[in-house]
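The numbers here are math on the coordinates, done by the rules we state, and not lab data. All values derive from a computational prediction rather than experimental measurement. All Cβ positions, glycine included, derive from the backbone under ideal geometry; neighbour counts span all protein chains shown.
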Amino acid sequence: MKGYEKILFLSRPKKRIISCLCDAIFISVAYFFAFFIRLDHLNVIYSVELWKALVPLILLTIFIFSQLGLYRAILRYLTFQALFVICIGALLSMFAFYGLRLYIDDLVPRTVPIIYALFLVLFSGGSRMIMRNYISNRNLFKAYRKNVIIYGAGSTGRQLCFTLRSNQEYKVVAFVDKDPTLFNTNIMGIRVYNSYDITKVIDKKNVTKILLALPSASRSERKSVLHALEPLSIEVQTVPDVDDILSGKSRIDELQDVAIEDLLGRDPVTPHVDLFTANITGKVVMVTGAGGSIGAELCRQILNQKPLKLLLFEVSEYNLYAIDKELSEIVNKQGLNVEIYPLLGSVQRENRLQIVMETFQVQTIYHAAAYKHVPMVEFNVIEGIRNNIFGTLYTAQAAIAASVETFVLISTDKAVRPTNVMGATKRMAELSLQALSQISTNTHFCMVRFGNVLGSSGSVIPLFKRQIAEGGPLTVTDPNIIRYFMTIPEAAQLVIQAGAMGKGGDVFVLDMGDPVKIVELARKLINLSGLEVIDDENPNGDIEIQFTGLRPGEKLYEELLIGNNVAQTQHERIMTADEDYLPWAQLEPLLLQLDSACHEFHHERVREILLTAPTGFIPTDGICDLVWSNDIKPELKVVSL
């Protein structure tokens, strides 16, 4: 270990002693330099009186520096505030010099203490700044620091670079930007390169990570940047969003993994205020399934629109506790005048639903309670039907009885020509509301249909990230499978706005953008993690993608529309579909038959009813219910496709 490295790893008390000794030398040099500058000779060094005055001056000055906290500062984290402290200390030392001058007046011109103070600032302050820069610029932690590029040489990139100067993990070796006016310039001694030269810079500087400093860029702009970086197979991280930085939620150096919404490049649309507030502001609002992914986000956004009361209806005690605690903290922090009521209950208990709605005089309901995982519903058919079909039916009937004004069902693209029980149950739930809307005079029913949401429970993205962290493999069901994706906040915003446009029985469809091939999404996540995919062209890669085959009831692709009768609404990302349905008089007997079959656990009859109902149900598998498939009386089973 070199000499300066040994000093760096000394204990704090020993470093303070060294600092005091250095300052004692600087004070002495400044003291005699002041005389030399003023008198143009150094004969004064032979004066015993001057040496006697120097000793108390050194002690007083070091005491002053100590009281000002100079010796508590860590050298490599030193800021220019320390220079200000040294200036104050030098000024006080100058006054001390004037006091000592009374004893050696005939030897000390009046301007010498002033010159001394200037030299002291130069020596004591300048030496510290030089050492700080020396330590920051030299890779003293060579075994640990990673060479990184900052993509974005704007104000955020510069702040990030300044912050990382004292970081022991990263060393900034280059800036990259698309702005031609910045090419070949230097920022903090670091060169700015053209984004087209990034491959050369990575190779030349041995870069291991790219840090995106583009917090105010749109998602489409970030998607373009990520698309260019993806083939490089280098790890990419990003600074937090500018809103989080400005609000104090995040620091600029709290680097994050690339958000999947940046890969999709879908920019959110500003909500229409009139639609956003119509069913919420000043009203009593109830959310079923309030602790789920969509339900919780609905609650957050509803809270911001200042309802009179917000009822959280949830069957999971922990999920209810979590969302109630989160929302209550928001209310207290922002001083909102909103009453929040956490209510345990199942949507399969109509009497509980009705008494809640009547007690609190609910005006708007967002029905998000449902089983949404295709394989789980395939394995638990009866419970899926009970929760998704009859849970929706009972909630809707309770809403009618309690004179609720608006009822919004959160539906799914899997309800369109379903190949699984979950999709069939959601389509039956839609049919129930469409039928009830024709006989209800008080409650307006509508449903909002959309595809997958990013970050929801069971979403493929968290699974991929966990598999990458574990070293793979990444599991994809089929190389050709595609899905529509939307962020949870955007989905919740559009659901609220669509609900405000409902007149009765409306089926709203959200514009999901372009579908995404899941295997390509997996490749992007691997490459942006700084890894390579193992395939025929690259057998020495890092992570393999394995195809596991479609799960029970799973489709290669999803649809949002049953027919072609679709019209645009006043919102650019919300469409309305005109679809066929059964009147209540014809649907009710089917529901009664289905209820009876479920009560008797007659799976064959359940399958038959779902096939004959106008759901468009075309199953790709037989009955997959785990209880049915393990029945000890196999001779009674009749599989009907």
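Simple rule: put +1 on each Lys or Arg Cβ and -1 on each Asp or Glu Cβ in the chain, find the dipole, and look at Ser293, Val408, Leu275; the Cα lying farthest toward the positive end is Ser293. Of all beta bridges that DSSP places with both ends in the chain, some 20 percent have antiparallel geometry. Computed over the alpha-carbon pairs of the chain, the distance histogram in 10 Å steps reads 3, 13, 18, 17, 14, 11, 9, 7, 5, 3, 1, 0, 0 percent, short to long.
For the pair region 152-225 / region 275-290, the C-alpha centres are spaced 44 Å from each other. Sorting the segments 146-154, 176-184, 339-347 by their residues' average number of neighbouring beta-carbon atoms within 10 angstrom, most packed first, yields 146-154, 339-347, 176-184.
With R₀ set to 22 Å, the beta-carbon distance separating Gln438 from Gln361 gives a calculated FRET efficiency near 0.30. Remark: the Arg300-Leu91 segment gains 69.7 nm on full extension, using 0.36 nm per residue and subtracting the alpha carbon distance. Exposure proxy ranking for Phe175, Phe379, based on other Cβ atoms within 10 angstrom of each Cβ and starting from the fewest, stands as Phe379, Phe175.
Modelled spin labels at Asp203 and Ile25, positioned 7 Å past Cα toward Cβ, are 4.7 nm from each other.
Kindly state, to the nearest 0.05, the FRET efficiency for Ala469 paired with Ile130, given R0 = 41 Å and r defined as their beta-carbon distance.
0.45
Residues Lys306, Lys524, arranged from fewest to most other Cβ atoms within 10 angstrom of their Cβ, appear as Lys306, Lys524. Note on the chain: dipole from Cβ charges, positive end direction compared against Leu60, Leu164, Ala368; the farthest Cα belongs to Leu60.
Each label point was placed 7 Å from the Cα along the Cα-to-Cβ direction; for Glu537 and Asn480 their separation is 2.1 nm. Once backbone amide H atoms are built at 1.01 Å from N, Arg191 has Phe175 as its partners under 5 Å, excluding neighbours fewer than 5 places away on the same chain. A cut-off of 5 Å between modelled amide H atoms, ignoring neighbours fewer than 5 places along the same chain, links Lys146 with Tyr170, Lys171. Cross-link pairs exceeding 23 Å between alpha carbons, from the set Lys223/Lys414; Lys171/Lys204; Lys325/Lys503; Lys372/Lys524: Lys223/Lys414; Lys325/Lys503; Lys372/Lys524.
The modelled label-to-label distance between Asn194 and Ile17, using points 7 Å beyond Cα along the C-beta direction, is 5.8 nm.
Taking 0.36 nm per intervening residue step and subtracting the Cα-Cα distance, what contour gain separates Glu604 from Ala567 on full extension?
The Glu604-Ala567 span can extend by a further 9.5 nm.
Coupling constants for region 308-324 follow from the phi torsions by the Karplus curve (6.51 cos²θ - 1.76 cosθ + 1.60, θ = phi - 60°), and in residue order they are 6, 9, 10, 9, 9, 10, 8, 7, 8, 4, 5, 4, 5, 4, 5, 6, 5 Hz; glycine and proline get x.
Add -39500 (n - 2.57) for each DSSP H run of 4 or more in the chain, then divide by its residues: what number comes out at 222 nm, to the nearest 500 deg cm²/dmol? Can you show the working numbers first?
Working: 25 runs with 288 residues, N = 641.
-14000 deg cm²/dmol, from helical runs alone.
Put simply, the amide H of Val516, placed in the peptide plane, has neighbours under 5 Å in Arg483, Tyr484, Phe485, leaving out anything fewer than 5 places away on its chain. Spatially, region 57-71 and region 372-448 are offset by 76 Å when compared through their Cα centroids.
What FRET efficiency comes out for Ser629 versus Gln159 if R0 is 51 angstrom and r is the Cβ-Cβ distance? Round to the nearest 0.05.
Details: r = 60 Å, r/R0 = 1.17.
Once the sixth-power term is evaluated, E becomes 0.30.
If the chain linking Ile330 and Phe84 were pulled fully straight, counting 0.36 nm for each residue of separation and taking away their Cα-Cα distance, it would gain 84.5 nm. The ranking of His373, His367 by Cβ neighbour count inside 10 Å, starting from the fewest, reads His373, His367.
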